[in-house]
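Participant: A single structure is presented below for examination.
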Amino acid sequence: MSTMEVALVVNDLSRSEKFYRELFGFDRVGEFTTAINSAVALSRDGSVLKLIQYQESPDQHNPPGRAYGLRFLTLEVPDLEHAVTRCREFGATIDGVPARFQPVNSTPRQSGEDVSCWYVFVLDPDGNRIEVRAGSPWAH
């Protein structure tokens, strides 16, 4: 598998595309329209985010909190403080304060390597949770 694609239903396609392109560096790689929806495909670092807007708005939203299913997207950034500042300037909601993720029981990628990272949750224009993270506890 070389590409991961995720589809995200949004209320305002152009607003959401602007959010992901301007704040997180996604590039538009495609678009389509059908009888029931319109979509754009955005790409970054080999992954594709498909933003889909239905002609008729859905009557349900992804429930917040603990539930089965997709809970949030993670976007890695080189500088968390800069990313948070840009999100605030855009008018995005910062959901909490930056925190350090330090696994309790973790095997370092290499002996003695720090596997912690810093993250914060941001809400996109439709309230979807985005984990904005600097660094990664996972091997690349």
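Participant: Quick one: is residue 103 modelled with pLDDT under 90, of a type outside the set (S, T, N, Q) and not in a strand (DSSP E or B)? It would help to see each step written out before you state the result.
Facilitator: On the way: modelled with pLDDT under 90: yes; of a type outside the set (S, T, N, Q): yes; not in a strand (DSSP E or B): yes.
Yes.
Participant: So, one more: Can you name the strands (runs of 3 or more DSSP E) wholly within the stretch 1-68 that have at least 3 residues being closer than 24 Å to residue 121 by Cα?
Facilitator: Values: elements: 5-9, 27-33, 37-44, 47-54.
Per the criteria, 5-9, 37-44, 47-54.
Participant: Now for a separate question. Give me the residue from the stretch 69-83 that is of a type outside the set (A, V, I, L, M, F, W, C) and part of a loop (DSSP other than H, G, I, E, B) and, out of that set, nearest to the chain's Cα centre (by Cα).
Facilitator: 71
Participant: Quick one: would you say residue 10 is β-branched (Val, Ile, Thr), surrounded by 11 or more Cβ atoms within 10 Å (Cβ to Cβ) and assigned by TED's automatic domain parsing to the domain that holds residue 137?
Facilitator: On the way: β-branched (Val, Ile, Thr): yes; surrounded by 11 or more Cβ atoms within 10 Å (Cβ to Cβ): yes; assigned by TED's automatic domain parsing to the domain that holds residue 137: no.
It is false that residue 10 is β-branched (Val, Ile, Thr), surrounded by 11 or more Cβ atoms within 10 Å (Cβ to Cβ) and assigned by TED's automatic domain parsing to the domain that holds residue 137.
Participant: Anything in the stretch 32-56 that is of a type in the set (D, E, K, R) and exposed (fewer than 14 other Cβ atoms within 10 Å of the Cβ)? List them, or say none.
Facilitator: Of all residues in the stretch 32-56, those of a type in the set (D, E, K, R) come to 44-45, 50, 56.
Selection gives 45, 56.
Participant: Sticking with this one: Please go through the stretch 22-60 and pick out each residue that is out of contact with any strand residue (DSSP E or B) (no Cβ under 9 Å at 6 or more places or on another chain) and in contact (Cβ under 8 Å) with a residue 60 or more places away in the chain. Steps first, please.
Facilitator: Let us first name the residues in the stretch 22-60 that are out of contact with any strand residue (DSSP E or B) (no Cβ under 9 Å at 6 or more places or on another chain), namely 22, 34-35, 46, 56-57, 59-60.
Scanning the stretch 22-60 gives a single hit, 22.
The values are calculated or read from the model by the stated rules, or taken from the named source; none is laboratory data. Keep in mind that this is a model prediction, so the values were computed, not measured. Cβ: placed from backbone, ideal geometry, glycine included. Neighbour counts: every protein chain shown.
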